[in-house]
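The values are calculated or read from the model by the stated rules, or taken from the named source; none is laboratory data. What you see is a predicted model; the values in this text were computed from it and never measured. Because the Cβ atoms are built from the backbone with ideal geometry, glycine has one as well, and the counts that use them run over all protein chains shown. For the accessible areas, the whole protein counts, side chains as well, though only heavy atoms, and no ligand, DNA or RNA atoms are used. Shrake-Rupley method; radii C 1.70, N 1.55, O 1.52, S 1.80 Å.
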Amino acid sequence: KPEGANLEFLKPVKEYIRMTIKGHSFGTIIIGEGGISKSFSAFEVLREEKIEDFAYLSTYSTPLALYTFLMENRTKIIILDDVYGMTKPEIISILKSALWEVNGKRIINWNSKDKRMENILPVFEFSGRLIILANKINGNDANTQALITRTNYYELKLTHKQKLNIMQEISKLPYKSLKDEERTEIFSGLSELLTPATNYNFRTLIQAYNFYIYDKQNWKEL
């Protein structure tokens, strides 16, 4: 995190996540484009709250794999970070059970005669907390909407100006062999190329750094 950087835009994100970690909600869903600090916020709050025993899942999950993952980590803080397949009705149903009590308990079950269930509990009580990070979800879908209403839900949006201001702060941080003036040059050159219509995020600055290190003369063209 850049010292002195204005990260006020992350305050509601972090506070919603903190509420979940402290047990004031069963879960938090943060929606926003990639590379704008959703994961950073989650791990920053875990660090601030000194939570070391948590579970993390990213990339892809089948419904049964998610069920098993929740079962194995049923008492922990769990981060589901941009997990592909989250929109499947079976997965949403599992998450709905994990995020709301019925008669004072959150019970998750899997009704199947699948042979893969031999070493998996068909039903268990979930007492953990869920932090779900995603680029987007279909809020118009009734099943998904039922999931959203069980959580702290926040859509993180940044203006073009906010992104550039934050990237400028990031450019003050050391990166590999680059000197301060080189990072300033790269940010300045990059900001001239970017417009509100450009698809970019904070990772774009790091990519520009690497182009510069590779070829100082032609990095902007690259």
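Scanning the stretch 55-65 for residues that are surrounded by 18 or more Cβ atoms within 10 Å (Cβ to Cβ) and modelled with pLDDT of 95 or more yields a total of 0. The condition of being farther than 30 Å from ASN199 by Cβ, under 14 Å from the mean Cα position of the chain (by Cα) and not in a loop (DSSP other than H, G, I, E, B) holds for only one of ALA65, ALA55, that being ALA55. Within the stretch 161-214, being over 17 Å from SER37 (Cβ atoms) and acidic (Asp, Glu) holds for ASP180, GLU181, GLU182, GLU185, GLU192. Among the residues making up the stretch 68-89, those that are open to solvent by 40 Å² or more (accessible area, probe 1.4 Å), assigned to a loop (DSSP other than H, G, I, E, B) and of a type outside the set (Val, Ile, Thr) are ARG74, LYS76, LYS88.
Does ILE92 fit the bill of being assigned to a strand (DSSP E or B), surrounded by 16 or more Cβ atoms within 10 Å (Cβ to Cβ) and within 19 Å of the chain's Cα centre (by Cα)? Write out each step before concluding.
Values: assigned to a strand (DSSP E or B): no; surrounded by 16 or more Cβ atoms within 10 Å (Cβ to Cβ): yes; within 19 Å of the chain's Cα centre (by Cα): yes.
It is false that ILE92 is assigned to a strand (DSSP E or B), surrounded by 16 or more Cβ atoms within 10 Å (Cβ to Cβ) and within 19 Å of the chain's Cα centre (by Cα).
Under the condition of being modelled with pLDDT under 95 and either hydroxyl-bearing (Ser, Thr, Tyr) or touching a Pro at 6+ places or on another chain (Cβ under 6 Å) (or both), the residues counted in the stretch 111-142 number 1.
Checked against (1) touching a helix residue (DSSP H, G or I) at 6+ places or on another chain (Cβ under 7 Å); (2) modelled with pLDDT of 95 or more; (3) open to solvent by 60 Å² or more (accessible area, probe 1.4 Å), GLN162 passes all but condition (2).
Could we say that GLU33 is under 17 Å from the mean Cα position of the chain (by Cα), acidic (Asp, Glu) and at pLDDT below 95 here?
yes
Scanning the stretch 36-51 for residues that are on the phi < 0 side of the Ramachandran plot, modelled with pLDDT under 95 and not in a helix (DSSP H, G or I) yields a total of 1.
Within the stretch 96-126, being touching a residue at least 60 places away in the same chain (Cβ under 8 Å) and open to solvent by less than 40 Å² (accessible area, probe 1.4 Å) holds for ALA98, LEU99, ARG106.
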